[in-house]
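Bear in mind that the values in this text are calculations on the coordinates, not laboratory data. Just so we're clear, the structure is a prediction, and the values are computed from it rather than from any experiment. Using ideal geometry, Cβ is built from the backbone for each residue, glycine included, and neighbour counts are taken over all protein chains shown.
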Amino acid sequence: MKVLAILYKGGDAAKEEPRLLGTVENKLNLREYLESQGHEYIVSDSKEGPDSDFQKHIVDAEILITTPFHPGYLTADLFEKAKNLKLCVTAGVGSDHIDLNAAVKKGVQVLEVSGSNVVSVAEHVVMSILLLVRNFVPAHEMIERGDWQVSDIARNAFDLEGKVVGTIGAGRIGYRVLQRLVPFDCKELLYYDYAPLPEAAARAINARRVQDLEDFVSQCDVVTVNCPLHEGTRGLVNADLLKHFKKGAWLVNTARGAICDKDAVAEALKSGQLSGYSGDVWNVQPAPKDHVWRTAKNPLGGGNGMVPHYSGTTLDAQARYAGGTRSIIENYLTNKPQDAGNIIVGLGKYETKAYGQR
Ligand code: NAD
């Protein structure tokens, strides 16, 4: 059987640091195992266009491994060509780069390593909230430049204490973000999600649900996006919604770039409607050199905390999602049941409610 993995290139870093498991070089630590079982294991970062390894090998691969950090976009068209495909495994969390409706139609299962990097991302969100609210990035840039003008930074630096923070999506990551904010004594912790938190979980962190999205954002000083990308969330944070944000709110998005409208966010930052935008996810990855989110700034020249997509690919996370990918494949090869929490699309149907209300 052919197993195809599309991973990101690790270069020298991956040769020097073997714990960079999710790279083309280190192959999720699966090579020996798969080859000892007599399977062919193709690993590449080449994923765009008809001549890419992705499109060349998808025609006869039975298992496809992809990662959200360097997404191989499995479109409905490619599903038509993928005659042998039975299983897609996302090494990580977030399978929006797979056309899930096409997977349902074609009877291809889609699994992810649920929970594998949710703490990694939640920590990054808390860091991003703090660096925006406290105006960290321009302060550090000033130091590197050799300047020292405290008032230029302090004029736009605040405490997180006493602010209202809300998450769009209160699943594994969103809930962990709110949990981690409890000791900061925020004024309120809010969430917007079509699935209410279990009562005891909401009570444990004193989180309040707001059911109308415009009403929700109008109450938040900080909004963090933690829902999957699907047809109900693509472009959810757009020019219309941004008008309902508090003037000067901060927005953190580590979920998926396409949940936020690229130009509307850049415009809101430029006008000061947003004081800051931070995150690690982009509508196209790798992001083009001239992507407006790389350099967008608020009127005071700060407010940009964007980084490449790495919050969920810390070395700790890589160990967990490499191990989880192997378990999923072992279960598949030995006909053992899969962990129910990992199944996004089962045979011919969605097994999760997180990718839209159906
Ligand atoms: P999860 O399934 O545990 O939780 C998702 C939550 O979002 C669910 O409670 C669901 O009901 C809610 N939701 C879905 N649609 C919604 C909508 N329209 N409005 C409000 N809420 C909605 O998933 P998770 O583990 O918390 O991960 C969430 C997402 O974070 C992933 O799908 C992925 O896109 C992203 N992620 C990013 C990274 C990274 O490295 N940046 C890593 C892991 C996950």
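Which one, Pro18, Cys88, Val104, is farthest towards the positive end of the dipole of the stretch 1-113 when Lys and Arg carry +1 and Asp and Glu -1 on their Cβ? Result: Val104.
Just checking the listed ones, Val137, Val237, Val281: in the Gaussian network model of the chain with Cα springs under 10 Å, the one fluctuating most is Val137.
About its Cα centre, the dipole of the chain is roughly 520 debye, where the only charges are +1 on Lys and Arg Cβ and -1 on Asp and Glu Cβ. Near Lys246: Cβ cut-off under 14 Å, other residues only, Lys/Arg at +1 and Asp/Glu at -1. The net charge is 0. Each other residue within a Cβ distance under 11 Å of Asn342 adds +1 if Lys or Arg and -1 if Asp or Glu, for a net charge of -3. A simple spin-label model places pseudo-atoms 7 Å from Cα toward Cβ; at Lys336 and Lys83 they are separated by 3.3 nm. For GluC sites (Glu not before Pro), the sites in the stretch 116-161 that DSSP calls loop and that have at most 15 other Cβ atoms within 10 Å are Glu161.
In plain terms, the residue of Val3, Val210 with the fewest other Cβ atoms within 10 Å comes first and the most crowded comes last, giving Val210, Val3. On a per residue basis, the convex hull of the C-alpha atoms belonging to the stretch 1-121 measures out at 105 Å³. Sorted on the mean count of surrounding Cβ atoms within 10 Å across their residues, most packed first, peptides 109-115, 148-154 read 109-115, 148-154.
Computed over neighbours whose Cβ is under 14 Å from that of Val118, the net charge equals +1, Lys and Arg +1, Asp and Glu -1. With neighbours defined as other Cβ atoms within 10 Å of a residue's Cβ, the residues Val182, Val223, Val126 order from fewest to most as Val182, Val126, Val223. Counting beta carbons within 10 Å around each of Glu231, Glu17 and listing the fewest first gives the order Glu231, Glu17.
Computed on the Cα atoms alone, the convex hull of the chain gives a volume of 142 cubic angstrom per residue.
Placing one equal scatterer on every Cα of the stretch 117-306 and applying the Debye formula, the log10 ratio I(q)/I(0) at q = 0.11 Å⁻¹ is -0.45.
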